[in-house]
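Here is the structure we will look at.
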Amino acid sequence: MIYPIVIYGASELKALSAPIEKGSIDVKTLSEDMFATMYQAGGVGLAAPQIGMNIRMFVVDASPWAEEEPALADFKKTFINAEIYEYGDEEDYFSEGCLSLPGLYEDVKRPTSIRIRYVDENWEEHDEFYDGYAARVIQHEYDHLDGKVFTDRLSPLRKKLVKGKLVGFTKGKYKASYRTK
Ligand code: NI
């Protein structure tokens, strides 16, 4: 099933998402649906709040970056109840976009590496280190679970400069090639 994507301004994108209890929902089917929704919209990551569900789950497929980082060729993962418990000391800027803020791209500063614990769609536990593009997209999606979007991380000046666009989103003034709500 393909879900419509929730656009900036919606309350689901500002809410704190709740952990998922094992067996409470069919996370395998939801994971497949989230990937399908993400692919048809052309994204590399999608968090549950973006389809209107305030639960701690997101999916990532970083394979589009495999040319620059060959290790990402088969990087397709589902993160449930993830906890980023360590951030590297280094930070860098990277141009981010978001399916919930169509057409907006801004350089965002984040730590370049993380350590994260989570369970996958088979409820298997993982404890992993990520850097590069993977660390970037994971942090972006993780923010959605805490009611944050990438524009929340911009400098006051950049925030001012994108304010008009953000207001536009809340008024339905945007173009997206996928179904939104
Ligand atoms: Ni996003």
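The values are calculated or read from the model by the stated rules, or taken from the named source; none is laboratory data. Quantities reported herein were computed from a predicted structural model and do not represent experimental measurements. All Cβ positions, glycine included, derive from the backbone under ideal geometry; neighbour counts span all protein chains shown.
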Failed condition for MET1, given (1) assigned to a helix (DSSP H, G or I); (2) free of Cβ contacts under 8 Å to residues at least 40 places away in the same chain; (3) hydrophobic (A, V, I, L, M, F, W, C): (1)
Checking ALA135 against (1) surrounded by fewer than 19 Cβ atoms within 10 Å (Cβ to Cβ); (2) not in a loop (DSSP other than H, G, I, E, B), which single condition isn't satisfied? (1)
Just to be sure before I move on: is ILE84 more than 27 Å from PHE169 (Cβ to Cβ) and hydrophobic (A, V, I, L, M, F, W, C) in the structure I sent? no
Could you tell me whether the range 102-118 includes any residue that is among the polar types (S, T, N, Q), in contact with a strand residue (DSSP E or B) (Cβ under 6 Å, 6 or more places away or on another chain) and within 14 Å of the ligand (Cβ to nearest atom)? no
Residue ID - farthest from the chain's Cα centre (by Cα), chosen from residues in the range 24-57 that are touching a residue at least 60 places away in the same chain (Cβ under 8 Å) and surrounded by fewer than 18 Cβ atoms within 10 Å (Cβ to Cβ): LYS28
Go through the range 93-109 and report how many residues are in a strand (DSSP E or B) and hydroxyl-bearing (Ser, Thr, Tyr). 2
Go through the range 150-181 and count every residue that is free of Cβ contacts under 8 Å to residues at least 40 places away in the same chain and either buried (at least 16 other Cβ atoms within 10 Å of the Cβ) or part of a helix (DSSP H, G or I) (or both). 10
Residue hits (the range 58-75; modelled with pLDDT of 95 or more and surrounded by fewer than 21 Cβ atoms within 10 Å (Cβ to Cβ)) are ASP61
When the range 11-23 is checked residue by residue, the ones that are outside any helix (DSSP H, G or I) and either within 13 Å of the chain's Cα centre (by Cα) or buried (at least 18 other Cβ atoms within 10 Å of the Cβ) (or both) are SER17, ILE20
With respect to LYS14, determine if the residue is within 16 Å of the ligand (Cβ to nearest atom) and either over 27 Å from LYS171 (Cβ atoms) or not polar (S, T, N, Q) (or both). yes
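Give me a count of the residues in the range 117-129 that are surrounded by fewer than 21 Cβ atoms within 10 Å (Cβ to Cβ) and not in a loop (DSSP other than H, G, I, E, B).
Count: 7.
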